[in-house]
Amino acid sequence: MQMRQRRFWTTAGAVAILGMGATPSFAADATSPTAPLPINGADTAFLMICAALVMLMTPGLGLFYGGMVRRKNVLATFQQSFIMLGLIAVQWVLFGYSLAFAPDAYGGLIGNLDWVGLRGVGLDPHATYANTVPQQLHMVYQGMFAIITPALISGAFAERMKFSAYLLFTLLWATLVYDPVAHWVWGSGGWISGKLGALDYAGGLVVHIISGVAALCCVLVMGKRKGLGQEEMHPHNLTMTALGTGLLWFGWFGFNAGSALAANKSAVVAFVNTNTAAAAATVAWSLIEWFHKGKATVLGACTGAVAGLVAITPAAGYVTPMGALAIGAGVCFVCYAAILLKTKLGYDDSLDVFGVHGVGGMFGALAVGVLATSTMTSLAGVSGDVGGLVDGGKTSLLGGQALSVVAAATYSFLVTFVLLKAIDLTIGLRVTEEEEEIGLDLTQHGERGYIMGVGELFGNPTGHDRPPVYGGRIEEQVGV
């Protein structure tokens, strides 16, 4: 009898202890004020798929950039995108998500550190962010945006930055530029969305403008590639670039439609507008190039597609399909002109990051103030009668969009400049001239992207008396 009583009280105590530590989803009464919000299965599945699509964009970007450089730099260029899947994902979990999306710490400028290490970021929905899916899903979805944004910058200084400097720069840039600007626009209490009333559906401001302007700053600080204008620097593998473009277009549906954070009408609007703008831009760029150069190139079609995708990003859920068509076609003229102007101004933006992402992002952000309609903004959850110039001649939104562009671009340029100067004074930004001549694949990673026959396998790639050894025996480099 005593044994049975002892077992009963032991079991009851264990149940009580487990009950006190149970997740609120199970312990709280559904009718109580503290009960967690219910999870919507369709929204959750949709956002998980979208997060995976956005993740695919980063290696897709690596292929897109990798095909446009010389073959001695293809692996290094791809790695500059791929490594972000590790480096920035870890930063995001440790403190990046908290800085961007935790409750405001000071005047709409930055989030506090309450969510460091995902403390308090659980599997229940959050009332402010994606209130029908687990907050951890919102965290990982937004993390994919944080990952690809610094990778975009790498195309500007392709073929000349040290890998160690790149890792340090992107980590600091993500922390000091991306995270604050994400808070300004999308965070709880952010000043751009709260005080200016500016709209950015999926990252024209947060992703493309700040990365494009940072890219411009990088090339101005670092200077031109060795031999530019004297050596052959054409893309080595446009098939790879075309494949990367396809992956970017595919992933962009998750980038834009997923920004609705639910499987709803606004997501459908963004999905349709994304494809419409990209299609219009592909055709428009090809026609511009055809009239200007006499031929429509594959590289031009790929560049146009990306420009259209960039420009529709801030407007994806706020315009009609005809608005998306206008954005996709219109952005090609300004981006094409920006790339032509680059040659006259003399700066070496290797893969036209500023010309496409910076200029295209600005065009798209301003286009919101012109082409947004109150019908679409209300579908996207924007309160009030918010529209652009085409919607009854409303001007306030365009003003807010213009101010947000200036603020984000200026902040990104200034912080990027300080970071570059600090890194250059400490560990140095650029590889040596000899390393640049050999190529970053061998000098930074000890590998070759291609082995083009026995002559190259055992020959001297540098023209010096003794070929340098990078990464061990040549048999190791080719897997012998």
(request) Please find, among Q142, Q136, the residue that is of a type in the set (S, T, N, Q), closer than 26 Å to F46 by Cβ and free of Cβ contacts under 8 Å to residues at least 24 places away in the same chain. (result) Q136
(message) For a quick check of your reading: which helices (runs of 4 or more DSSP H) sit entirely within the range 193-296 and have at least 1 residues that are surrounded by fewer than 24 Cβ atoms within 10 Å (Cβ to Cβ), touching a Pro at 6+ places or on another chain (Cβ under 6 Å) and not small (G, A, S)?
(response) 265-293
(message) Which condition from (1) closer than 30 Å to Q136 by Cβ; (2) part of a helix (DSSP H, G or I); (3) modelled with pLDDT of 95 or more is the one that S25 breaks?
(response) (3)
(message) Being touching a helix residue (DSSP H, G or I) at 6+ places or on another chain (Cβ under 9 Å) and over 19 Å from L414 (Cα atoms) is the requirement here; does Q230 meet it?
(response) no
(request) Those residues that are polar (S, T, N, Q) and in contact with a Cys (Cβ under 9 Å, 6 or more places away or on another chain), I need them from the range 412-440; list them, please. (result) S412, T416
(request) Look through G384, G300, G294 and report the one residue that is at pLDDT below 95 and out of contact with any Leu (no Cβ under 9 Å at 6 or more places or on another chain). (result) G384
(request) State the number of residues belonging to the range 366-380 that are surrounded by fewer than 24 Cβ atoms within 10 Å (Cβ to Cβ) and under 23 Å from the mean Cα position of the chain (by Cα). (result) 2
(request) Output the number of residues of the range 49-74 satisfying the condition of being surrounded by fewer than 24 Cβ atoms within 10 Å (Cβ to Cβ) and farther than 15 Å from L152 by Cα. (result) 7
(request) Answer yes if at least one residue in the range 285-301 is under 21 Å from L366 (Cα atoms) and not hydrophobic (A, V, I, L, M, F, W, C), and no otherwise. (result) no
(request) Just need a number here: residues in the range 76-99 that are among the small types (G, A, S), in contact (Cβ under 8 Å) with a residue 60 or more places away in the chain and out of contact with any Gly (no Cβ under 6 Å at 6 or more places or on another chain). (result) 2
(message) Report every pair of residues separated by at least 6 positions or lying on different chains whose Cβ atoms are under 8 Å apart, first residue within the range 341-354 and closer than 18 Å to I210 by Cβ, second surrounded by 15 or more Cβ atoms within 10 Å (Cβ to Cβ) and of a type in the set (V, I, T).
(response) D349/V219; L351/V69; D352/T303; D352/I339; V353/I153; F354/V213; F354/V219
(request) Output the residues belonging to the range 91-111 that are loosely packed, with under 14 Cβ neighbours inside 10 Å, assigned to a loop (DSSP other than H, G, I, E, B) and modelled with pLDDT of 95 or more. (result) P103
(message) If a residue must be of a type in the set (V, I, T), over 18 Å from the mean Cα position of the chain (by Cα) and closer than 22 Å to L397 by Cβ, how many such residues does the range 328-365 contain?
(response) 2
(request) Select from the range 393-441 the residues that are among the hydrophobic types (A, V, I, L, M, F, W, C) and assigned to a loop (DSSP other than H, G, I, E, B) and write down the one among them that is surrounded by the fewest Cβ atoms within 10 Å (Cβ to Cβ). (result) I427
(request) Could you please find all residues in the range 340-366 being more than 21 Å from I148 (Cα to Cα), in a helix (DSSP H, G or I) and touching a Phe, Trp or Tyr at 6+ places or on another chain (Cβ under 9 Å)? (result) K342
(message) Looking at the range 126-138 only, could you name the residues that are among the hydrophobic types (A, V, I, L, M, F, W, C), touching a helix residue (DSSP H, G or I) at 6+ places or on another chain (Cβ under 6 Å) and surrounded by fewer than 24 Cβ atoms within 10 Å (Cβ to Cβ)?
(response) A130, L137
(message) Being in a helix (DSSP H, G or I), under 19 Å from A215 (Cβ atoms) and touching a His at 6+ places or on another chain (Cβ under 6 Å): is that true of V310 here?
(response) yes
(message) Looking only at residues that are polar (S, T, N, Q) and at pLDDT below 85 in the range 425-480, which one is farthest from the chain's Cα centre (by Cα)?
(response) N460
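The values are calculated or read from the model by the stated rules, or taken from the named source; none is laboratory data. Just so you know, these numbers come straight off a predicted model, no measurement behind them. Note that each Cβ is placed from the backbone with ideal geometry, even for glycine, and that neighbours are counted across all protein chains shown.
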